[in-house]
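Only one structure is covered here, and it is reproduced in the block below.
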Amino acid sequence: QSESLSVSNGIDRRDVIGSIISSSTTLIVPSISNAAIPNQNLPKPGIQGNGGTYTRVEGAGGGFDLLTSKTTRGQDVIYPASMDGVWKCKRVVVSVEGDAGQAELAWRCLGGTGPFKSIESFDTKFVIPPDELNMQNLYEFEGSTYKGTILDRGFELESRNECNAQWDIQTSDFLSYSTKEESAIEVAVVQRKVETPSEKGFGFNELYRITSSAGGIFSGNRVDRAVRVQRRYRRALDGDGNRVVEGLEIMKTFRVLDGIAGTEMPTSTTKSQIKLTRV
């Protein structure tokens, strides 16, 4: 049940985003079944976090319990060892389906700034976890075993959003930050599937519980939102022969009622293109 995104030379704003991803390709983005996952001992890169008990939400289909689900400590998305260090990230939204307001709100909660469909440019960083943390970051590629890197989510968010972020590699699935407009926005990974690096690429599928202000006259209240991000990367060369990493992303939002997310029926679907180059 994988979902694909196609990048073509004829997409809108071609003159603007042609420098981000120039080649035509189709990448398969990892998907996660909405059925309950009873086995908690799936090996990497299996699904982490099954949402406790599933229920039915009227008008929203199958429900995922955001409040009881959690991922496995010491595991995270694995990126290639060669990505260790700082990279320049350029990304742009190329399409939005469904509730554009919900899509933009989720995009901003995850760090997006400026006009919704403008090109973003910021630094991001990947790190190799210290051995003493016992992070499960090993992967095999062409017969050899490597120590993969993980994303420094705090560094990226501060670069992208100019905010104050709190993130620790030992609890890498939890991130909180504050901005001039809002304080204490919390992002927790509650479900994940990882595709480890191979000659075909690498990627992940994560479900986030975002806790923030309700906004408007209810700004004093805090609400939980559910956002799923599916991303697929591949390593490539640009026109000058420099190594780059190209990515495609699908972001979906869902209704949430009393901590239960209706993950069978997204309220919006946003597709973005990403390009990483060495700093």
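Coordinate-derived values only; no laboratory data. Everything numeric here is computed off the predicted structure, so don't read it as measured data. No Cβ is skipped: glycine too gets one built from the backbone with ideal geometry, and neighbour counts run over all protein chains shown.
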Between the modelled labels at T145 and N164 (7 Å from Cα along Cα→Cβ) the distance in nm is 4.3
Extension gain (nm, one decimal) between F116 and E97, 0.36 nm per residue minus Cα-Cα:
5.5 nm
Estimate the FRET efficiency between E181 and R278 by the formula 1/(1 + (r/R0)^6), using the beta-carbon distance for r and 45 Å for R0, to the nearest 0.05.
0.85
Counting only other residues whose beta carbon sits under 11 Å from that of F122, what net charge do I get with K and R as +1, D and E as -1?
0
Stretched out fully, how many nm does the piece from F174 to V86 gain, at 0.36 nm a residue minus the Cα gap?
29.6 nm
Using alpha carbons only, how many angstrom separate the centre of the range 100-121 from the centre of the range 150-191?
16
Counting other Cβ atoms within 10 Å, keep those with at most 14, restrict to DSSP loop, and tell me which GluC sites (Glu not before Pro) in the range 121-158 are left.
E142
Over 19 Å between Cα atoms, which of K193/K252; K88/K125; K125/K147; K70/K125; K117/K252; K90/K193 qualify?
K70/K125; K90/K193
